[in-house]
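Single-structure report; data block below.
The values are calculated or read from the model by the stated rules, or taken from the named source; none is laboratory data. Please read all numbers here as calculations on a predicted model, not as lab measurements. Counting neighbours? That spans all protein chains shown, and the Cβs are built from the backbone with ideal geometry, glycine included.
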């Protein structure tokens, strides 16, 4: 079992730094050419998504573009993956809307900046390697919930409904949709439906072409040429600025810190999950290995930079990263090229963005929301998983949709922790034994040269199986109470205990005191390295006496028999 350890300086070497070093793979003109092609392709894919995600989150399209540029470039410079593409993500939509409604844009900047700091601290602590332990039902539950929320959020713009201010609640929002459905804008609805069909058709017949870009371009041209009535980026936001915003530190004081810390943690956790899952997907597609802690640090710096320049939360994006790989990328240079494409658009083509109909961007997000839901995976878990996993899945999903994503993620993880403890208790425990039992538990015979010797009925042998942590330790406290007559000698075997925590040590101390009150001699045997180190550090070895720590069960039984022989008078008491 591996032990926890903080990250070391060698864990923080960006992949871009390895590109031209002896440690990295050779990189030349051919590789650069592939990165150019991949970067241009992903740049066109990211262009509508950055604006659409930002609008869906309650921010402006310009903020989405600047986030994709600044955080995306920063993540390429400091990232731990050769292929990661970072920028605004649909995962942040729910939490961003919540922060904006409660604390305004300044609160979003502060929460994003704080999330960046949290990500860096997680990287320094070595947390990156533990992301794989977040249970699948939790990530599936809230990702499906986010997908449903995304889809639901787009109904207003997709159909051009005249709703001045939508309700934040899921059911209230749908009640409003039905109430205001008579205000449906047929032009907007037609453009939206057409955009969805174009995206799906291109995805099916021309998968290498960015369908979202083609769909938005066709919708914009159609709307402009035929003079269709539909709200555009220009009519709602005044267009996209062609000048980069000036940097300004977010206003963070103690009160802001206290109020926004839970939301900042949610942003950070979502960034951890999506960026590292994206990196894992990239590893699976390429056969390479990413540096998880370096990637977390890069995402942290990216979010801090985004907040300073008035942007929104950012993370590694699975879809854009996968598209980057499929387009032939070989290094972080492709991510930098994708940023250059976005910069050129802002500098030279931003006035054209004002013509983009919002319904076309809603159509893009509806397709994305459907993809995020992944109902096939959702229902497969329901059909094939244990009831406990199904409960966690549905609880996380329903809390995400009906309550709050911060609460949903926290509740899902806490439920999973309790489930983990229950399952650990199921496979662990305190097992009583006799001579025959002792023979059975030593299946490999590594610590004995022959059969287990017969021993006195006054010797009781018990074995702890599994990690001796707070979920299992309570069993030991009840052990003596379940023995009808206290034995003169108690042998506690710890051969299958790979680790022990503070609660386990405390319980062992209490158990030792309990045995001494009942005049029972205690021997411990077969203690592994981590428990031995922990018990020694806690002073337990000195308390029980080093002579009572025995190498294996054979020798422990011999020591117990010797103790009984030397104290034969105890047999007649």
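Can you spot a residue in the range 487-502 that is modelled with pLDDT under 90, within 30 Å of residue 420 (Cβ to Cβ) and out of contact with any strand residue (DSSP E or B) (no Cβ under 8 Å at 6 or more places or on another chain)? Scanning the range 487-502, I find at least one residue that is modelled with pLDDT under 90, within 30 Å of residue 420 (Cβ to Cβ) and out of contact with any strand residue (DSSP E or B) (no Cβ under 8 Å at 6 or more places or on another chain), so the answer is yes.
For residue 491, the requirement of being over 17 Å from residue 461 (Cβ atoms), assigned by TED's automatic domain parsing to the domain that holds residue 468, touching a helix residue (DSSP H, G or I) at 6+ places or on another chain (Cβ under 6 Å) and not in a loop (DSSP other than H, G, I, E, B) is not met.
Residue 519 meets each of the listed conditions (1) farther than 20 Å from residue 466 by Cβ; (2) touching a strand residue (DSSP E or B) at 6+ places or on another chain (Cβ under 9 Å); (3) surrounded by fewer than 19 Cβ atoms within 10 Å (Cβ to Cβ) apart from (2).
Yes or no, residue by residue, for (1) without any contact (Cβ under 8 Å) to a residue 60 or more places away in the chain; (2) outside any helix (DSSP H, G or I); (3) touching a helix residue (DSSP H, G or I) at 6+ places or on another chain (Cβ under 8 Å):
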{"site": "379", "(1), (2), (3)": "yes, no, no"}
{"site": "388", "(1), (2), (3)": "yes, no, yes"}
{"site": "396", "(1), (2), (3)": "no, no, yes"}
{"site": "400", "(1), (2), (3)": "no, no, yes"}
{"site": "411", "(1), (2), (3)": "yes, no, yes"}
{"site": "418", "(1), (2), (3)": "yes, no, no"}
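If you go through the range 342-359 and keep only what is within 31 Å of the chain's Cα centre (by Cα) and surrounded by fewer than 21 Cβ atoms within 10 Å (Cβ to Cβ), you end up with just 343. Collect the residues in the range 212-231 that are in contact (Cβ under 8 Å) with a residue 60 or more places away in the chain and assigned to a helix (DSSP H, G or I), keeping them in residue-number order. Once the filter is applied, which keeps residues that are in contact (Cβ under 8 Å) with a residue 60 or more places away in the chain and assigned to a helix (DSSP H, G or I), the range 212-231 yields 212, 213, 215, 216, 219, 220, 223, 224. Of all residues in the range 247-259, exactly one satisfies the criterion of being farther than 23 Å from residue 93 by Cβ, in a helix (DSSP H, G or I) and in contact (Cβ under 8 Å) with a residue 40 or more places away in the chain, namely 257. For residue 541, the conditions (1) at pLDDT 90 or above; (2) in contact with a helix residue (DSSP H, G or I) (Cβ under 7 Å, 6 or more places away or on another chain); (3) closer than 23 Å to residue 421 by Cα are fulfilled apart from (3).
The numbered conditions (1) under 17 Å from residue 459 (Cβ atoms); (2) at pLDDT below 90; (3) surrounded by 15 or more Cβ atoms within 10 Å (Cβ to Cβ) are all true for residue 509 except (1). Scoring residue 225 on the criteria (1) modelled with pLDDT of 90 or more; (2) surrounded by 15 or more Cβ atoms within 10 Å (Cβ to Cβ) leaves a single failure, condition (2). Of all residues assigned to the range 101-112, none qualifies as being over 23 Å from residue 250 (Cα atoms) and in contact (Cβ under 8 Å) with a residue 12 or more places away in the chain.
The selection criterion, being surrounded by 13 or more Cβ atoms within 10 Å (Cβ to Cβ), part of a helix (DSSP H, G or I), on the phi < 0 side of the Ramachandran plot and free of Cβ contacts under 8 Å to residues at least 12 places away in the same chain, holds for residue 541.
Within the range 170-211, the set of residues being in contact with a helix residue (DSSP H, G or I) (Cβ under 7 Å, 6 or more places away or on another chain), in a helix (DSSP H, G or I) and free of Cβ contacts under 8 Å to residues at least 12 places away in the same chain comprises just one member, 203. Annotation for the range 264-285: at least one member residue is over 25 Å from residue 335 (Cβ atoms), crowded, with 20+ Cβ neighbours inside 10 Å and assigned by TED's automatic domain parsing to the domain that holds residue 86.
Close Cβ contacts (under 9 Å, 6 or more residues apart or on different chains) running from residues in the range 118-143 that are within 16 Å of residue 411 (Cα to Cα) and assigned by TED's automatic domain parsing to the domain that holds residue 276 to residues that are at pLDDT below 90 and not in a helix (DSSP H, G or I) comprise 136/385; 137/385; 140/374; 143/374. Looking only at residues that are closer than 30 Å to residue 292 by Cβ and not in a helix (DSSP H, G or I) in the range 133-169, which one is farthest from the chain's Cα centre (by Cα)? So the residue we want is 135.
Going residue by residue through the range 182-195, is there one that turns out to be within 24 Å of residue 371 (Cβ to Cβ), under 33 Å from the mean Cα position of the chain (by Cα) and surrounded by fewer than 19 Cβ atoms within 10 Å (Cβ to Cβ)? Scanning the range 182-195, I find no residue that is within 24 Å of residue 371 (Cβ to Cβ), under 33 Å from the mean Cα position of the chain (by Cα) and surrounded by fewer than 19 Cβ atoms within 10 Å (Cβ to Cβ), so the answer is no. Mind checking whether some residue in the range 87-104 is under 18 Å from residue 325 (Cα atoms) and either assigned by TED's automatic domain parsing to the domain that holds residue 286 or crowded, with 24+ Cβ neighbours inside 10 Å (or both)? Within the range 87-104, one or more residues are under 18 Å from residue 325 (Cα atoms) and either assigned by TED's automatic domain parsing to the domain that holds residue 286 or crowded, with 24+ Cβ neighbours inside 10 Å (or both).
Within the range 318-328, does at least one residue satisfy the condition of being closer than 19 Å to residue 65 by Cβ, touching a strand residue (DSSP E or B) at 6+ places or on another chain (Cβ under 8 Å) and either buried (at least 22 other Cβ atoms within 10 Å of the Cβ) or not assigned by TED's automatic domain parsing to the domain that holds residue 243 (or both)? Within the range 318-328, one or more residues are closer than 19 Å to residue 65 by Cβ, touching a strand residue (DSSP E or B) at 6+ places or on another chain (Cβ under 8 Å) and either buried (at least 22 other Cβ atoms within 10 Å of the Cβ) or not assigned by TED's automatic domain parsing to the domain that holds residue 243 (or both).
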